[in-house]
Amino acid sequence: MNLFTRPMKLLTAVVLEQTSEAVVKALLELGVLDFVHINKLDPQQMEKLSSRPSSVNRANLEEMRKRVEALLRQGHLDIPTSEVLDVKKLEKPQLEEYKRILDELTADLLSLKEKQKESNQQLMGLEEMRRYITEEKGEYLDLRVGEVTHGKTEDLGGKLAVYGGLLDRVPDSEKWICLTLRRDVSQVDPLLEKFGWVESSDVELQRKAISLIKDRLEAEHQKALKSRTEVEHAVDAVVKQQQSQLFAIWSNLRLNELCDQIRSYFAYTRNTTLFSGWVPSDQADQVRSAIMTASEGQCVIEWTNATEVPRQEVPVAIASPKALKPFQNIVNNYSTPEYGTVNPTIFVMIAYLSMFGLMFADVGQGLVLVLVGLLGSYSYKKNPLKPDGMLSRNVTSLLVYLGFSSMVFGALFGSYFGLSLFPALWFNYEAAVAGHAEGSLIHDVYGILGITIKFGIIIIYTGLVLNWVNLIRKRSYVTLLLDKNGLVGGLLFAVGLYMGFGFVESGYRQFPQTSWVAPVVTVCLVLLFARGFLSYFLSLRKGGPKHEPGKLILDSVMEWLVDVLEIFTGYLSNTLSFMRVAGLGIAHASLMESFKMLSSLVDGFGGIAIFILGNVLVIVLEGLSAGIQSLRLNYYEFFSRYFTGKGIAYEPVGLNSASSEKR
Amino acid sequence: MSRDPVTVYGFINAKLRAKIGLMRQDHLMESLLRSASLVEAVGVLRDSRYREVAHAYDQTGDLQQMELVLLQKEIEMYREVQKYLEGSPATFVQHLLGKIEVDNLKNAIRLWYSSIIRHRPIRHRSGYLFKEVILHPIDWTALINATGWDAVLNAVKATPYWDVLKAFTGQGLEQDGLFVMESKLDRLWYASLMQSCKDLSRQDREVATSIFLLEIDLRNLTILVRHGGYHQMEADKLRTLLLPWGSVFASPETEKYLAQKSGERSPLSIINRYFPGLEQTEVQQNRLGLHSDEASVLENLKIEGYLATRRQALYQKMLATDPFTIGLSLAYFFLCKEETAMIKAILNGKYYGYEEEYIRGVLG
């Protein structure tokens, strides 16, 4: 793992045009080059170059690929992943042919779907009558038993079907049962009359008719249901039959999309192709040899170090171990660090886990989080295409870490599902909250608040030190010395802490009476004031714009005032903000104590149920609050000290690139 | 004691704003329009918040079943927002849901009418009807199976609709059709809506009435143009169709319009006074192509188009101004309903094999 962002190199290469396709394939397979549009190069170089319109329309490729995906999904098949992409199988896309195949398949599916619709409508009609029989709503049904004296019963059955009616023969008899809906009686009556329907006077048969027709209705219902489901399966089968062809089309379309994406960064002279892009330094040799091989050695490759390019133009690649991915995502969610600065991932991990553990310290509850996290991760691993639920992939991985942190702090504070099963390794948190931890290292809530404030100070100073390291790497010495997050800011914070702790130690009566405080603060304030002028003169020396003296003074005074305000209020509020860590920890301990008391009031299973329910509630609510508050402290109190978020992310074009180009 | 607007709307409006943000991001309509067939359009829905609609297609292959799911989602939308509100705003949202009930009731009565009065088999069509309780205990099954008008009345006896429907008879409906009855049902809904507007706080009332009075005005204008102008309905009859709220209803221009001979009526003075710009509104060319021979339909489309534009502007304003009023919920309902209507139209267009450009033209 790199402590800083990965060093990058800018590649500029020229290859012969006839080898450019091979180079595209090689670069795509390698997937490490973050291309730069050639128009960002030197304008003089640009004049000699031209761009070429693409031979294929990428939007068409993407649209057709989406068609393939929709058809696969209609057949309940998974969409292929980038793993099936093989650059060696890249061909010119036969769009017309693909369209024909897809149109034919779509037509087949639509005709099947039409059949399914008919089955569904038949099913709906049967279901309605079935429901009325089941719910004993016979008043909506028209059930008759009789004989057909004219015409064919098949014809009558067919005509009744228009109204969703059924005609069924009474076993071993010439009589028929006719079931329709009463609302259709005005149309069914003339129909039956036309077929010479003679109603039977057999009361017993009339009574039995409902159970007789019920079987038929059930059978018809099953038949229609089966038919509807069969069509659904037929749709799946038709798509499945074409799966390999669809996969092949999908792969070729996707490969062509990616190649076209790469080609769109290319520029051309009459015989050569020129392209440029960023590569992590440790992969530069790999890229070089891939281009050399693909172009059969007929190429010119130039490397530019990132130091020769404005920092803000260099894409930022961060190398963190896979295990730290949840914390990497927390960083990415905030922003991209500046090129060459500290990779915050490991620091975020330590800070986040410590904060969470302090707020949610319990071995048992932590174990639950670990188990939930492991189960969730296992479920996603088992079904890689499963969409993220409320507990997303990232959250499940994070839960495992949070659970372990909670367990460690739980052991330190002696809490096991809220019970003190084993002695605390550090101090008993719950006893301290309850105020009966005499003789313990920490014996009341003030002690807990003190710990979290000290923890906050460590976090803020870690942020400041990281900022100083970043500023040294960026060679921003004026900012390092005179910024509110620089050495002067750090010194003022230290003076503030000294005064604050002195005040507390005196029993909140007076600040420490030390002679050096006033001169140090004054010097710091003067240095802060000088910053505006110093920056201006340095900028002038580098050829920056000249300002009116009045404006310069006004700007510097304003900047100074804002800085001073930010230092005095910002540091104070940032430090006190960490009291929330104690607040949530105390709330956690208090809630557990309350549930324990409640459960002790109820005997037997009720008591156990209250205890379990209490734990579940605390895990869900407190776990969520602690997670959110830790995130908030990281983003606002920690990141604001050193993380400018001004970087641009490194996004190489490769087989694993996102399906739609985002940049 | 009424609660402060921030407490009432803080949570729900933040939630709705996030949902509106997501709706605007996802380019769902564009993807639907660009899909090559119904199968592909369903594929687009599969990965969206309309996945249940796609599921219905997988199971049934039936477009109308998909529409039923969309209706269910619309009902859920109102209920979800209502759940997070309380007091007069919650009652107001409930009244808005009442419009779906009124429309469902009209659909059910149309089906009944088709079956019993017009003797056309409705077979499975009742299956596409939403039959659960929306607001009032209408016995949908009894209604659809009613063999006479009395049974229809019986199915709605414990609801406010009974008072409206009892004024009609089966014989009368057979002769005059359902139009007047449907207008009365709509009028009942508007009456309850305006009543519930009165119970809202001042800010909410202003926001809600600005929207609904515009709708009422344009509805009244449509009635005047369509029935007063093209169908030359008598003034007294016409007056009973008008909704008794808004500027158009109370305006002297409307009185003058009604006083004119039916063949000589011109709505221009009303339009010029209340809807400047409407006369200049152009109906889409392809719409013209669709109904070139039907002037009243065109006029209707023109007013609808104008209403849509004005409403759009009003809702945009609501999204940009005070976030702690009922306005955001109304804007959310509007956007969702608009989206649902477009999805239905696109799915139908794809089902019948219309080209993308044609569907775009029809959607306007």
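Just so you know, all these numbers are worked out from the coordinates, no wet-lab data involved. Since we're looking at a predicted model, the values are computed, not measured. Positions of Cβ are generated from backbone atoms using ideal geometry, with glycine treated the same way; all protein chains shown enter the neighbour counts.
Summary table
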| quantity | calculated |
| --- | --- |
| Test item: A:125-133 mean partner chain Cβ contacts at 10 Å | 2 |
| Extreme residue, positive dipole direction of region A:345-642, given options A:GLY357, A:GLY606, A:VAL526 (C-beta unit charges) | A:VAL526 |
| Under 20 Å from B:LYS73, Cα to Cα: lysines that are on another chain or at least 8 residues apart | B:LYS15, B:LYS19, B:LYS83, B:LYS99, B:LYS106, B:LYS131, B:LYS337, B:LYS344 |
| Rounded if a/c under 1.5, otherwise prolate or oblate - chain B, Cα gyration tensor axes | rounded |
| Residues of type aspartates and glutamates that B:LYS198 reaches as a straight line, Cα spacing below 14 Å, ignoring anything fewer than 8 places off in the same chain | B:GLU206 |
| Cβ-defined net charge surrounding B:GLN72, 9 Å radius [Lys, Arg +1; Asp, Glu -1] | -3 |
| Cα-based helix-to-principal-axis angle, A:517-541 vs chain A, degrees rounded to 10 | 80 degrees |
| Cross-link partners of B:LYS256 among aspartates and glutamates (Cα-Cα below 18 Å; sequence separation of 8 or more within a chain) | B:ASP217, B:GLU234, B:ASP236, B:GLU264 |
| Sum of -39500 (n - 2.57) over DSSP H runs of 4+, divided by residues of the protein assembly as shown (222 nm, nearest 500) | -20500 deg cm²/dmol |
| Fewest-first sequence of B:MET66, B:MET233 by Cβ atoms within 10 Å of each Cβ | B:MET233, B:MET66 |
| Dipole magnitude (debye, nearest 20) for the protein assembly as shown, charges at Cβ of Lys, Arg, Asp, Glu | 1940 debye |
| Peptide-level mean, for B:33-46, of C-beta atoms on other protein chains within 10 Å | 6 |
| Signed unit charges on C-beta, dipole axis of the protein assembly as shown, positive-most listed residue A:ASN574, B:SER88, B:SER192 | A:ASN574 |
| Within 10 Å of each Cβ in A:152-165, the average number of Cβ atoms from other chains | 1 |
| Exceeding the 24 Å Cα-Cα cut-off - candidates A:LYS152/A:LYS175; A:LYS474/A:LYS646; B:LYS184/B:LYS317; A:LYS484/A:LYS551; A:LYS223/A:LYS386 | B:LYS184/B:LYS317; A:LYS223/A:LYS386 |
| Cα gyration tensor of region A:345-642 - equivalent ellipsoid semi-axes, whole Å, descending | 45, 26, 13 |
| Cα shape, chain A, gyration tensor, a/c 1.5 rule | oblate |
| Dipole-positive endmost among B:PRO160, B:SER31, B:ILE303 within chain B (Cβ charges, Cα centre) | B:PRO160 |
| Rounded if a/c under 1.5, otherwise prolate or oblate - region A:118-236, Cα gyration tensor axes | prolate |
| Segments A:280-286, A:454-460 sorted - mean Cβ within 10 Å per residue, highest first | A:454-460, A:280-286 |
| Förster-model FRET efficiency, 25 Å R0, A:LEU385 and B:THR7, C-beta, rounded to 0.05 | 0.05 |
| Given charges at beta-carbon only (K, R positive; D, E negative), |dipole| of region A:517-663 in Debye | 600 debye |
| Magnitude of the charge dipole, region A:277-358, Cβ model with Lys/Arg +1 and Asp/Glu -1, debye to 20 | 420 debye |
